[in-house]
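Below: one structure, written as structure tokens.
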Amino acid sequence: MSYWFWSKLYLYLCNTMTQSIQHQDTKLVFGTDLNDHINHILKTEYSNCKKIIITDDVVFDIWSEDFISSIEELHHAEVIQLPTGEENKTIEICYQVWETLSDYKIGRNDLIINFGGGVITDMGGFIASTFKRGLRFINIPTTLLSQVDASVGGKTGVDLGPLKNQIGVFSNPDHVFIDYKYLNTLEHKQLVSGFAEMIKHGLIYSVSHWNNLNSVSGLTVDSISPFIYESVNIKHEIVTKDPKEKGARKSLNFGHTIGHAIEGYLLEKGDTTAHGFAVAWGMLIESSISHKKELITTEEFSTIEIFITTHFPECTISKLVIPDLIELMRNDKKNDSDYINFSLLNGIGKCKINQVIDQNLISDTLREFLID
């Protein structure tokens, strides 16, 4: 029988064992051990191009041998290994990679494969999208955070000092492969970090997703994996309505105005606190602001507070740095003017965007949750 027949049969069998989402021009595939599926896509869609894998030290040490050796189409791929961590998500690192791509004589028809967490997929997507005005790229996110958050939306970029994601472009990968097996080698705190974004999806969009996450007893790969697809699908639905963040997509910023300020402040001090921890603290404080603005009830806020404080550690930032946090919020890319713009809860499962909050209320609420 023809290659066409076997190709179609293979894809049919793969689709019966996996889940998928078509997001704009990107096909997202979910499952466990997707290497055969990846090899088939590379062979059928990218057979006559050079392939460059961008990864980081940690993923390289744990997974590169399995990844490259089990995917025939990658046996001759070049690997660019970057230092791990948010502090390396800089334009200087991008410049080094661009120079390396030039040395490899990479052309516009070649392929970048970003294999790692959110730093790698964000920065690798930016590198690919700007080199020679745009290369094709594929993302294979290896952390829970990158699977449920960075996998959809087309946001690529780098940080500018303590200011998160200030330099970047919207650019979608051709494919995203969300393989649950990579979660098995994560530290527990990385699972907790990714769980924060899943909580956000429930709080801003879906009561049923929020309730499902509340039913999780103990954060393990087995307990979280069944809800990853739904979390990604929520973000897909939101972004599809508003690709360039002019309206509904702003709801995804819930927890991030304060969370990014906390994360940026700590990053500047050399403390690379997990992104999800900062977002969780941001969600807790912004939920309190939502309560003070009478957008959520006392009971709703109490439920959120108990859930977040049960799963996440206490924020150990001092009240003395509130002015620094406020200044970082003023420089947040989400603001349209000198006012600090929030997306706040309007009940569990709903969000109210473009909420300008008085600086005194922000400061007073921060004092309630920061330490002396």
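The values are calculated or read from the model by the stated rules, or taken from the named source; none is laboratory data. Computed from a prediction, not measured in an experiment: that's the story for all the values here. As a convention, Cβ positions derive from the backbone with ideal geometry for all residues, glycine included, and neighbour counts pool all protein chains shown. With ligands, DNA and RNA removed, areas are computed over all heavy atoms of the protein, side chains included. Shrake-Rupley method; radii C 1.70, N 1.55, O 1.52, S 1.80 Å.
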| message | Considering only residues that are assigned to a helix (DSSP H, G or I) and farther than 22 Å from GLY107 by Cα, which ones fall in the range 40-67? | response | HIS40, ASP57, VAL58, VAL59, PHE60, ASP61, ILE62, TRP63, SER64, GLU65, ASP66, PHE67
| task | Examine the range 357-367 for a residue that is hydroxyl-bearing (Ser, Thr, Tyr) and either touching a strand residue (DSSP E or B) at 6+ places or on another chain (Cβ under 7 Å) or surrounded by 13 or more Cβ atoms within 10 Å (Cβ to Cβ) (or both), and state whether such a residue exists. | result | yes
| field | Leading residue by the ranking (farthest from ASP25 (Cα to Cα)) among those in the range 170-190 that are of a type in the set (A, V, I, L, M, F, W, C) and open to solvent by less than 10 Å² (accessible area, probe 1.4 Å) | value | LEU183
| query | Can we say PHE131 is free of Cβ contacts under 8 Å to residues at least 60 places away in the same chain and open to solvent by less than 10 Å² (accessible area, probe 1.4 Å)? | reply | no
| said: Need the failing condition index for PRO243 against (1) modelled with pLDDT under 95; (2) within 27 Å of ILE317 (Cα to Cα); (3) touching a strand residue (DSSP E or B) at 6+ places or on another chain (Cβ under 8 Å), just the number. | reply: (2)
| Out of all the residues in the range 65-120, which are out of contact with any Ser or Thr (no Cβ under 6 Å at 6 or more places or on another chain), of a type in the set (Phe, Trp, Tyr) and crowded, with 18+ Cβ neighbours inside 10 Å? | PHE67
| request: Give me the pairs, please: first residue somewhere in the range 96-115 and in contact (Cβ under 8 Å) with a residue 40 or more places away in the chain and closer than 18 Å to THR84 by Cα, second residue anywhere and outside any loop (DSSP other than H, G, I, E, B) and not aliphatic (A, V, I, L, M), beta-carbon distance under 6 Å, and either six or more positions apart or on two chains. | output: ASN114/THR121; ASN114/GLY124; ASN114/ASN139; PHE115/THR55
| task | Working only within the range 189-243, note down all residues that are within 22 Å of ILE296 (Cβ to Cβ) and of a type in the set (Ser, Thr, Tyr). | result | TYR205, SER206, SER208, SER215, SER231
| said: I'm trying to understand the selection: among the residues of the range 316-354, which are over 17 Å from LEU163 (Cα atoms) and in a helix (DSSP H, G or I)? | reply: LYS319, LEU320
| Quick one: what pairs do we get from the range 187-204, first residue more than 13 Å from LYS350 (Cα to Cα), second among the basic types (Lys, Arg), C-beta under 9 Å, 6+ apart or different chains? | GLU197/LYS235
| said: Give me the residue from the range 315-348 that is open to solvent by 80 Å² or more (accessible area, probe 1.4 Å) and modelled with pLDDT of 95 or more and, out of that set, nearest to LEU361 (Cα to Cα). | reply: PRO323
| request: Would you mind telling me which numbered condition in (1) within 18 Å of the chain's Cα centre (by Cα); (2) open to solvent by less than 60 Å² (accessible area, probe 1.4 Å) ILE167 fails? | output: (2)
